[in-house]
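Structure first, then comments.
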Amino acid sequence: MIRTASNGIRPPVSRGTLTLVTGLFFLSGSAGLVYQVLWMRQLGLFFGSDMYGVSIILSTFMGGLALGSLLGGRLAEQTSRPLLWYGVAELGIGLFALPFSTILAGFDPLLQAAYPQGSGGATATYQAARVLLASGTLLVPTTLMGMTLPLIMKHFVRSRSAVGELAAYFYAVNTFGALIGTLTAGFALLPYLGMTRSTWCAATINLVIGAISVVIGSRAALPADDPERLARADVDPLPDMEAGARRRIAAVVLLAFGVSGFCSFALEVVWTRILLISFSATVYSFASTLACFLFGIFLGSRLIARSVDEHENPVGLFAALELSIGVSVGALCLLIYAVPGIFGRLLTGVATLLDRGEATLVVSTLVASFLLLVIPATLLGATFPVALRLYTTNIARVGSRTGRLYAANTVGAIFGSLAAGMILLPSLGATASLAIIATLFFGVGAALASLGVGTGEPALPLRRVGMAGVATLLPVVISLALPYRVTLNFNQQNLEGSELVYHAEGVQNTIDVMRSPSGATALVIGGNVEADNSYRQRRHFVLKGHLPLLFLAEPKSVLVVGLGMGITLQATARHPGLERIDVVELSPEILEAQSQLGETNGHVIENPLVHVRIDDGRLFMKLSSNRYDMITADPIHPKISRVGYLYTAEYYRSIRDRLTEGGVVCQWMPTYQISPLRFRSAVKTFVEVFPEATLWYVESHALLVAKTDSSSIDFRLLEQKFRNPSIREDLASIDIHSPAELLSHLLMGPEELRAYLHDTPEVPINTDDHPYLEYFVPRDLFATTPDNAREFAEHLADPAHLVRNLPPDAATSLRELSRERSRRLLAR
């Protein structure tokens, strides 16, 4: 039961009002996390989802929260109706959220003008424009969000002995709301309603919260505090300390909580990177990790609530919490090596329990995240109430003190997330980054423990600090001495015996290049083997490079989206007559890794025709003024978070806009770990923009190819192309020796694709607003290629009908090859 009894300073708060506002503040936290998810997605779509763009968005979002907490604290001290102003803030959030997309679109001319059109990457002007854009769209609503907690605290804190308890109570309520908002957004709103309708739901919640709070707040004015009352409002937990020393304690607490915010967000960034390598970076992995982190913070606040105000040594308590966090993070340094095995066994067990159902990966990720994050997150959740009790020396200033403390923690969190993503991970790697974070937590705890608390004794005995130091630093030292080990998603592949020839912790992802004693080479991105030079993989890489160009008489300009191992790029560069090949790659580490891939791709990166640009492929397609005869779109699997942007109708329209008249596009589609229903959605989305598309197939991989003018294939042109030795030899390396053998890989033409899609008219088109594939493909972990191949076999085209100038003998050969392919598909 929360104490609300009067202390003679202000009248008691009714239990009904407390219960009602508790519910409203819970809903406010839920809506706030929904907005965070929605706005980060919308801004990522608008100006890129590269790490710098994401950092700008997150920093601006949190910067608004920090600014709002300061302004809310000041307002709380100047108004007698804090609950009324809380309601106004909630109304403002809802009213701003409704036209958010329209406001964002208004910045399009600015982004277009600032976007660098040359071959170089992002410029300072462009980054400044992105900062301005993020500030113009996010600062107002996030500032309003940040104002809410100080105003709530000002209204409800009436007792000199309940500051910490009420801080814990409302912090827990809002955090639990954020937890529910995270799960609701990730598992219900976005998958089923899409972004626009999810925004309407969240805005409606804010408007209802605001309206109710304004009504209550307009009737609940606080009496003015005169000096005599202020004197009696002293809630200082360190009453025996002289004023100067007390101010120093408050300053140290403020600084310590700021550093704690730095460390907590750095921890979240680093540990999320570590977990996602085992979990696979799906939207559910991100949502599960964040939800478990928030649950720990909620739990910590609730557990500390009852004891925080009665604790005789709050400085020692704050120090003990920080030291304990350091110990738990130190333990995580060693757990890095155990996570893959733990998660692999957990996934196997859950798969058996759920009969390999759609929820297998989600449940496994939630359980693993909870087990690994609950202890440090719970300890972090307990720190805010303790810090606020120490920092608040007068109940009449509780609003401003809440605002300052929350702002310090949020500013620290901004710098922590930036430092972890931009400096620590790329420079030192995950283990050393965790070691630094653990050491910082220990340092904060040790500094607090050394403070005198009025008796002349330190807040904690030196012996306890020393024990915590050993417990923190011993696993840190051991972990730093252990060698780096490549981790793969789900721990389901064994790379023992392979040599690590390249490793980088990039700002985007972890990149590894492995080479076996036999010379087999694999490119691992974020724990997923994205490419290797095996025959099975080379087949579709080489085909992607050649297939679209074989249909163009004299192609001059080519765009390749995604560098990978460079095999597709190498195949493309073999075509005579090309004048320029542009490559857009998101990760600079992939470009660096080419130094170890020269034998695999013929050192194609050194070809003078090739120009690599480090950029977001989708953004380049949207904002570039270049046009190309051929575009190869080669994203990674749509199960990966944010990759779904490269499978939407809007993205395909951008591709169409970049093609010259008669140009051709080739889009890769996986047929593994994607169910037939989801695969149809992917195809339907492509066909929506390119109705004359054709579907080609090489084992486990589909290629959608479309020209802007016609789907007709000229056999004479194919014969002419096959006379080129470079093209002929490259295709022969994947057992394609003639035009007929090439055409046997054509499964469906435009008519057959329409019939294939007609069977399931309810399948949605994947759009920016409704990212169906990104949210449903991760559920298809156990879907296999044969599931899709059998459906292909029901709609096979007669390739001869799609080819002009086809000699009779070639038509006979082609039909025989196609019948053989049909038999193989049906045999799966």
Return the only residue of Leu569, Leu559, Leu523 being within 24 Å of Gly497 (Cβ to Cβ) and buried (at least 24 other Cβ atoms within 10 Å of the Cβ).
Leu523
Between residues in the stretch 534-549 that are in contact (Cβ under 8 Å) with a residue 60 or more places away in the chain and residues that are assigned to a helix (DSSP H, G or I) and among the small types (Gly, Ala, Ser), which pairs lie under 6 Å by C-beta distance while being six or more apart or on different chains?
Val542/Ala571; Gly545/Ala571; His546/Ala571
Here is a check on your reading of the model: is His503 open to solvent by 50 Å² or more (accessible area, probe 1.4 Å) and closer than 30 Å to Ser364 by Cβ?
yes
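Would you confirm, using the coordinates I've provided, whether Pro340 is touching a residue at least 24 places away in the same chain (Cβ under 8 Å) and touching a strand residue (DSSP E or B) at 6+ places or on another chain (Cβ under 8 Å)?
Numbers: touching a residue at least 24 places away in the same chain (Cβ under 8 Å): yes; touching a strand residue (DSSP E or B) at 6+ places or on another chain (Cβ under 8 Å): no.
Spelling it out, it is not the case that Pro340 is touching a residue at least 24 places away in the same chain (Cβ under 8 Å) and touching a strand residue (DSSP E or B) at 6+ places or on another chain (Cβ under 8 Å).
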Residue identified as assigned to a helix (DSSP H, G or I), open to solvent by 40 Å² or more (accessible area, probe 1.4 Å) and more than 30 Å from Ile674 (Cβ to Cβ) among Phe370, Phe318, Phe415:
Phe415
Taking the residues in the stretch 420-453 that are surrounded by fewer than 20 Cβ atoms within 10 Å (Cβ to Cβ) and aliphatic (A, V, I, L, M) as candidates, determine which candidate is nearest to Ser587 (Cα to Cα).
Met422
Does Leu43 satisfy the condition of being modelled with pLDDT under 95, surrounded by 23 or more Cβ atoms within 10 Å (Cβ to Cβ) and over 19 Å from Phe107 (Cα atoms)?
no
List, please: which pairs have Cβ atoms under 7 Å, are six or more places apart or on different chains, and start with a residue in the stretch 591-616 that is within 20 Å of Gln117 (Cβ to Cβ) and among the acidic types (Asp, Glu) and end with one that is open to solvent by 40 Å² or more (accessible area, probe 1.4 Å) and modelled with pLDDT under 95?
Asp616/Leu586
Please state which one of Ala202, Ala250 is surrounded by 14 or more Cβ atoms within 10 Å (Cβ to Cβ), aliphatic (A, V, I, L, M), modelled with pLDDT of 90 or more and over 30 Å from Ile342 (Cα atoms).
Ala202
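Just the residues that are modelled with pLDDT of 85 or more and either over 27 Å from Ile674 (Cα atoms) or open to solvent by less than 60 Å² (accessible area, probe 1.4 Å) (or both), please, taken from the stretch 345-360.
Leu346, Leu347, Gly349, Val350, Ala351, Ala359, Thr360
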Per-region count, the stretch 91-102, residues without any contact (Cβ under 8 Å) to a residue 60 or more places away in the chain and either of a type in the set (A, V, I, L, M) or open to solvent by 60 Å² or more (accessible area, probe 1.4 Å) (or both):
1
In the stretch 293-315, anything under 30 Å from Gly344 (Cα atoms) and open to solvent by 10 Å² or more (accessible area, probe 1.4 Å) is listed as Phe293, Leu294, Phe295, Ile297, Phe298, Leu299
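Can you confirm whether Glu791 is under 39 Å from the mean Cα position of the chain (by Cα) and in a helix (DSSP H, G or I)? Give the steps one after another, and end with the answer.
Working: under 39 Å from the mean Cα position of the chain (by Cα): yes; in a helix (DSSP H, G or I): yes.
It is true that Glu791 is under 39 Å from the mean Cα position of the chain (by Cα) and in a helix (DSSP H, G or I).
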Looking only at the stretch 752-772, how many residues end up being assigned to a helix (DSSP H, G or I) and either in contact with a His (Cβ under 6 Å, 6 or more places away or on another chain) or of a type in the set (A, V, I, L, M, F, W, C) (or both)?
5
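In this structure, does Leu332 turn out to be open to solvent by 10 Å² or more (accessible area, probe 1.4 Å), modelled with pLDDT of 90 or more and not polar (S, T, N, Q)?
Values: open to solvent by 10 Å² or more (accessible area, probe 1.4 Å): no; modelled with pLDDT of 90 or more: yes; not polar (S, T, N, Q): yes.
Considered against the rule, which asks whether it is open to solvent by 10 Å² or more (accessible area, probe 1.4 Å), modelled with pLDDT of 90 or more and not polar (S, T, N, Q), Leu332 comes out as no.
Residue-by-condition table, conditions (1) open to solvent by less than 20 Å² (accessible area, probe 1.4 Å); (2) assigned to a helix (DSSP H, G or I); (3) within 13 Å of Ala31 (Cα to Cα):
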site	(1), (2), (3)
Gly177	yes, yes, yes
Leu183	no, yes, yes
Phe187	no, yes, no
Leu193	no, yes, no
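Could you list, in sequence order, the residues of the stretch 786-824 that are among the acidic types (Asp, Glu), farther than 21 Å from Ser710 by Cα and either loosely packed, with under 13 Cβ neighbours inside 10 Å or out of contact with any Pro (no Cβ under 9 Å at 6 or more places or on another chain) (or both)?
Scanning the stretch 786-824 gives Glu794, Asp809, Glu816, Glu820.
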In the stretch 87-130, what residues are β-branched (Val, Ile, Thr) and modelled with pLDDT of 90 or more?
Val88, Ile93, Thr102, Ile103
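Scan the stretch 67-90 and give yes if some residue there is among the polar types (S, T, N, Q) and surrounded by 20 or more Cβ atoms within 10 Å (Cβ to Cβ), otherwise no.
Let us first name the residues in the stretch 67-90 that are among the polar types (S, T, N, Q), namely 69, 78-80.
From the residues that got through so far, the ones that are surrounded by 20 or more Cβ atoms within 10 Å (Cβ to Cβ) too are 69.
Looking through the stretch 67-90, at least one residue is among the polar types (S, T, N, Q) and surrounded by 20 or more Cβ atoms within 10 Å (Cβ to Cβ).
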Is one or more of the residues making up the stretch 153-161 over 30 Å from Val763 (Cα atoms), in contact with a strand residue (DSSP E or B) (Cβ under 8 Å, 6 or more places away or on another chain) and among the basic types (Lys, Arg)?
yes
Cβ contacts < 7 Å: first residue closer than 10 Å to Ala172 by Cα, restricted to the stretch 295-306; second residue open to solvent by 60 Å² or more (accessible area, probe 1.4 Å) and of a type outside the set (A, V, I, L, M), any location; separation 6+ or different chain. Result?
Phe298/Phe176
Checked the stretch 603-628 for anything buried (at least 23 other Cβ atoms within 10 Å of the Cβ) and over 23 Å from the mean Cα position of the chain (by Cα); matches are Val604, Tyr628
Surrounded by fewer than 17 Cβ atoms within 10 Å (Cβ to Cβ), at pLDDT 90 or above and among the hydrophobic types (A, V, I, L, M, F, W, C): does that describe Ala468?
no
Please find, within the stretch 533-556, the residue that is farthest from the chain's Cα centre (by Cα) out of those that are surrounded by fewer than 22 Cβ atoms within 10 Å (Cβ to Cβ) and among the charged types (D, E, K, R).
Glu554
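The values are calculated or read from the model by the stated rules, or taken from the named source; none is laboratory data. Everything quoted here is computed from the prediction, not taken from an experiment. Glycine also receives a Cβ, built like all others from the backbone with ideal geometry; neighbour counts cover every protein chain displayed. Remember, those area values only see protein heavy atoms, side chains included, never the ligands or the DNA or RNA. Shrake-Rupley method; radii C 1.70, N 1.55, O 1.52, S 1.80 Å.
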